[in-house]
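The values are calculated or read from the model by the stated rules, or taken from the named source; none is laboratory data. All values reported here derive from a predicted model rather than from experimental measurement. Cβ placement follows ideal geometry from the backbone for every residue including glycine, while neighbour counts extend to all protein chains displayed.
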Amino acid sequence: MVSPAVHGSPADAATLIRNAGLRVTESRRAVVDALRSHPHSSADAVFRLVVASVPQTSLQSVYNALGDFADAGLVRRIEPAGRPGLFELRVDDNHHHLVCTGCGAVEDVDCSVGHAPCLTPSDAHGFAVHTAEVTYWGLCAACAATAPASVTRSHTTPEQSTEAHEEGRP
Ligand SMILES: [Zn+2]
Ligand SMILES: [Zn+2]
């Protein structure tokens with residue numbers, strides 16, 4: 001099942017994959033579509049989206065596709081501390097991420113100056129730096145609105161930790 005083309009979409013999934021020098025398969029196309037509709041998804045999340053449209057896809061083939069895409073520069077992998085690697089198709093800039101410590105929401109934020117030199121270390125200690133990542137940690141607007149002002153840092157009491165976790169997803 002192929003979803004209708006997004007109006008104004010610059011290139012379809014097959015074209016992106018072909019332009020990256022990779023062979024187009026149904027699973028790979030579904031992976032690109034999943035990342036387009038759900039940027040910053042983990043491999044497991046991508047897999048769940050892909051099997052919905054291409055049921056015969058294996059988790060391993062999704063991992064392989066994401067690895068191939070990353071090697072080919074088609075996807076960017078971000079790794080916020082303590083989280084699984086997240087994948088996105090937005091690779092052509094140096095944008096950063098806001099990560100919510102409450103619900104895990106991830107938002108793109110443009111680089112302050114738009115190019116990498118803002119992240120050049122004052123002393124690289126001899127490293128040939130090729131990538132710098134900035135992650136802004138905090139509470140998203142929805143979490144901040146529901147959290148008491150005192151719960152801005154992760155301080156859990158024993159009785160809190162025994163509470164059942166609520167997903168609260170619509
Ligand atoms: Zn949140
Ligand atoms: Zn991003």
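At a glance:
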| item | result |
| --- | --- |
| Criterion (under 25 Å from residue 106 (Cα atoms) and not assigned by TED's automatic domain parsing to the domain that holds residue 100) met by exactly one of 45, 20 | 45 |
| Given (1) away from ligand 1 (no atom under 16 Å from the Cβ); (2) outside the structural domain of residue 49 (by TED's automatic domain parsing); (3) in contact with a Leu (Cβ under 7 Å, 6 or more places away or on another chain); (4) not charged (D, E, K, R), number of the condition residue 111 does not satisfy | (3) |
| Which listed residue is β-branched (Val, Ile, Thr), in contact (Cβ under 8 Å) with a residue 24 or more places away in the chain, out of contact with any Lys or Arg (no Cβ under 8 Å at 6 or more places or on another chain) and over 30 Å from residue 147 (Cα atoms), from 46, 75 | 75 |
| Test: residue in region 73-83 that is acidic (Asp, Glu) and under 15 Å from the mean Cα position of the chain (by Cα) | yes |
| Single residue of 69, 47, 87 found to be surrounded by 13 or more Cβ atoms within 10 Å (Cβ to Cβ), part of a strand (DSSP E or B) and away from ligand 1 (no atom under 16 Å from the Cβ) | 87 |
| Scope region 90-100; condition in a strand (DSSP E or B) and modelled with pLDDT under 90; matching residues | 96 |
